[in-house]
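Report on the structure given below.
The values are calculated or read from the model by the stated rules, or taken from the named source; none is laboratory data. All of these numbers come straight from a predicted model, not from anything done at the bench. Here the Cβ positions follow ideal geometry from the backbone for every residue, glycine too, while neighbour counts run over all protein chains shown.
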Amino acid sequence: MKGLIETLRNIYKIEDLRNRILITLGFIAIYRLGSYVVLPGVNPDELSSTASQSGLTGLLDMFSGGAFSRASIFALGIMPYISASIVIQLLGMAIPYFQKLQKSGESGRRKINQITRLLTILITFGQAPGYIATQIPAAAIIGNPAFFNISTTIILTTGTLFVMWLGEKITDKGIGNGISILIMIGIIANLPFAFVAEFFSRLEEQGGGLVVFLVEMVFLLLIIAVTILLVQGTRRVPMQIAKRIIGNKQYGGVRQFIPLKVNAAGVMPIIFAQAIMFVPMTLAGFAESSALQGFMAAFTDFTGFWYNFVFFVTIIMFTYFYTAITVNPNQMAEEMKRQGGFIPGVKPGRQTAEFLDNIMSRITLPGLYF
């Protein structure tokens, strides 16, 4: 505890770091306030009486910090931008134009960001009418429905772009990883209320309910600690830079390390897998055959064997898939060869790419199990 207080004091003494933290907190506050601003022309009372918190709706509402169910101007949140980013990454694996941009340095990165923003606008324009049709009942609409649909589509698109801008500003002027921070804030927005509800429910139990609550908190802290260790964990691959002598100066000849993350895919495979697992629930609602409904029901029971087994396999598949998208051994091998670097005992080029790919396959396994 003493070390934590000392660390906070040191952070406060560094002016640049202090300003970045305050800027980040300010942008987060704007994001949370915006999630409570209801769309113009919507009656919140009619909306709250028909809101659904189950299935895929509940998942989307969790990632948006409750803005989805409240019909907020940030209802679609940052997810359209995430979808656009994934599409661009997939195109980078298949289309030479995007592969060229990825290798063009800073100019290529700016071009990719511009294309991602334009694709985000298109995706949001496509999702907004669907959100209006499925989440906002006719009784909650005030005024002309046609004008409401047009104006709401524009507002939802603008809200998503504003959230994307907040994430980029947190990355540039805040503590970094702005998009990930906004996703995290949306997920943990209701965590304090969950703690309070759990505390009072345990308090009402007879015979050690408070002790159970304390044990739950200890396990939660352990899970957070192990998660941080896994996220920060890397496999350091030694790399040697060839020695070059230009004039009277020597360049290279120093051993460095390539940090390969144990959990390169992050939480994205779980997000994808969870979305896929809601498909049987949707199909079960449309199935007319009782036999088909019974078959689908086996995959909709959160406590059942088949649901958890399929969920587990789906996470494994998406972990390797997303890792293959985010980590490109061929590109890493080409950059090393261009810079005159090599891994001791491994030939540059194709063998280096295969060596890095084998390492990533092995260290990804404990990450996906966790």
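Laid out as a table, the results:
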{"item": "The one condition in (1) in contact (Cβ under 8 Å) with a residue 12 or more places away in the chain; (2) surrounded by fewer than 16 Cβ atoms within 10 Å (Cβ to Cβ); (3) under 30 Å from I270 (Cβ atoms) that R350 fails to fulfil", "result": "(3)"}
{"item": "Cβ-Cβ under 6 Å pairs, at least 6 apart or on other chains, segment 74-98 side modelled with pLDDT under 85, far side of a type in the set (G, A, S)", "result": "F98/G92"}
{"item": "Answer from T57, T24 - the residue that is in a helix (DSSP H, G or I), more than 30 Å from E334 (Cβ to Cβ) and at pLDDT below 85", "result": "T57"}
{"item": "Given (1) surrounded by fewer than 16 Cβ atoms within 10 Å (Cβ to Cβ); (2) at pLDDT below 85; (3) within 25 Å of the chain's Cα centre (by Cα); (4) not aliphatic (A, V, I, L, M), number of the condition G207 does not satisfy", "result": "(3)"}
{"item": "A51 at pLDDT 80 or above and either assigned by TED's automatic domain parsing to the domain that holds T134 or touching a strand residue (DSSP E or B) at 6+ places or on another chain (Cβ under 7 Å) (or both)", "result": "no"}
{"item": "Segment 333-347: number of residues that are buried (at least 16 other Cβ atoms within 10 Å of the Cβ) and over 20 Å from R235 (Cβ atoms)", "result": "1"}
{"item": "Single residue of I170, I181 found to be at pLDDT 90 or above, β-branched (V, I, T), surrounded by 15 or more Cβ atoms within 10 Å (Cβ to Cβ) and within 22 Å of the chain's Cα centre (by Cα)", "result": "I170"}
{"item": "Among residues of segment 117-138, those that are more than 15 Å from A75 (Cβ to Cβ) and modelled with pLDDT under 90, counted", "result": "1"}
